Amino acid sequence: KEKLLEIKDLKKHFKLDRKNILKAVDGVSFDIYKGETFGLVGESGCGKSTAGRTIMRLYEATEGEVDFYGENVHGKKRKKELKKFNQDMQMIFQDPYASLNPRMTVKDIIAEGLDIHKLAHSRKERMDKVNELLETVGLNSEHGNRYPHEFSGGQRQRIGIARALAVDPKFIVADEPISALDVSIQAQVVNLLKRLQKEHGLTYLFIAHDLSMVKHISDRVGVMYLGKMAEIAPSDDLYAEPLHPYTQALLSAIPISNPEVERSRERIIVEGDVPSPVSPPSGCRFRTRCPFAMESCAKVEPEWQEHTEGHWVACHLYNDKYNQEYKQKQAN
Ligand code: SF4
Ligand code: MG
């Protein structure tokens, strides 16, 4: 598998005031392979959107690297090179309405990227391209003359997708693209994204707040908690055998249609709110909500380790050294 992106120990901290730093993304490393969909999941405030935006270079990284085709996008400085990255990496937003200029017609919104990157050489070519894009996403040329408010949520997301697609990108960060849509519309948008991925050879980073939303689109899934990665696995592995207690908790919140699975899976309910990323708990950040927490969890940060091939987890339960402690705790 060819790596399109390599995210290396990426950090994005925001200085709130003289004393407090919000560590929204606090050292995450993962790869995204060419042509895959990488689902990034976590509760609100876990840093997933910030991670997406920092990867896109909408935010400057505090530390770390994002290599795109082997080049660190945060190290780039020359304008021309930046422009190429801006074209190759596009974003689809959660609220397409907020991200579409209400005073622009749909065709001008879609053509904006074409204009910026000078991808249409005549007015006719510009118009043809816009009409083709409208059709690709399931709209028609007549829709191009209207304004965003005249469309439903699902249609507006289609417009947002057409706009992203206009510049022929390689990589798209979709930040909760279906969260705001009716359930009946969600599948349509997911299917559209899947079709476009095949037709255009796209790679996606698909951000969502729950695991059920990324299930049908992701090849691999990463679960984030308080600015760190808790677990990464191929989708099938993650849903069949979640390792991290946080992933298990997120999964037990999904209604399960298969009663066999329902019975065999211990339901883990996580209580309380996510602690503040300004002062995360010592050791394992999940320990304040983890039903398996032991003494070491407060003292030692769990290592990021490959449990089985391609299945990574950061939890002491999968480390022999601390696993003994857990067994002892169970015995007492
Ligand atoms: Fe729970 Fe400890 Fe594992 Fe953290 S390291 S998830 S607190 S068992
Ligand atoms: Mg978000």
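The numbers here are math on the coordinates, done by the rules we state, and not lab data. Note that the structure is predicted; figures quoted are calculated from it, not measured. Don't worry about glycine lacking a Cβ; one is built from the backbone with ideal geometry, like all the others, and counts go over all protein chains shown.
What to note about this one:
- Using C-alpha pairs below 8 Å separated by at least 6 residues, the relative contact order for the chain is 19 percent.
- Rg ratio (alpha-carbon, reference 2.2 N^0.38 Å) - the chain: 1.07
- Shape of the stretch 1-144, Cα gyration tensor, a/c cut at 1.5: prolate
- Phi to ³J(HN,Hα) by Karplus 6.51 cos²θ - 1.76 cosθ + 1.60 over the stretch 137-151, Hz, x for Gly, Pro: 9, x, 10, 10, 4, 5, 4, x, 8, 9, 10, x, 5, 7, 10
- Choice from Val300, Val137, Val221 showing the highest fluctuation, given a GNM over the chain with Cα pairs closer than 10 Å: Val300
- Ordering Ile116, Ile207, Ile32 by the number of other Cβ atoms within 10 Å of each residue's own Cβ, fewest first, gives Ile116, Ile32, Ile207.
- Dipole check for the stretch 38-90: with +1 at the C-beta of Lys and Arg, -1 at the C-beta of Asp and Glu, and the Cα centre as origin, the magnitude is about 420 Debye.
- 222 nm mean residue ellipticity, helices alone, for the chain (DSSP H n ≥ 4; -39,500 (n - 2.57); rounded to 500): -10000 deg cm²/dmol
- Dipole magnitude (debye, nearest 20) for the stretch 16-136, charges at Cβ of Lys, Arg, Asp, Glu: 640 debye
- Karplus-derived 3J(HN,Hα) values for the stretch 232-237, using 6.51 cos²θ - 1.76 cosθ + 1.60 with θ = phi - 60°, are 9, 7, x, 3, 4, 5 Hz; glycine and proline are entered as x.
- Under 17 Å from the Cα of Lys107 - aspartates and glutamates, other chains or at least 8 residues apart: Asp115, Glu125, Asp128, Glu132, Glu135, Glu142, Glu150, Asp168
- Of the residues Ala166, Val183, Pro148, the one whose Cα sits farthest toward the positive end of the charge dipole of the stretch 88-223, with +1 on the Cβ of Lys and Arg and -1 on the Cβ of Asp and Glu, is Ala166.
- Full extension of the chain between Gln305 and Asp236 gives 23.0 nm of extra length, using 0.36 nm per residue less the Cα-Cα distance.
- Neighbour counts of C-beta atoms inside 10 Å place Val106, Val278 in the sequence Val278, Val106, starting with the fewest.
- The charge dipole of the stretch 3-331, taken about its Cα centre with unit charges on the Cβ atoms of Lys, Arg (+1), Asp and Glu (-1) only, comes to about 1200 debye.
- Neighbourhood charge, 12 Å Cβ-Cβ cut-off, centred on Lys23 and excluding it, Lys, Arg +1 and Asp, Glu -1: +3
- For the peptides 283-293, 38-48, the ranking by packing is 38-48, 283-293, with the highest mean count of neighbouring Cβ atoms within 10 Å listed first.
- Look at Met104, Met213 and count the other Cβ atoms within 10 Å of each Cβ; fewest to most, that gives Met104, Met213.
- Antiparallel content of DSSP bridges confined to the chain, in %, to 5: 60 percent
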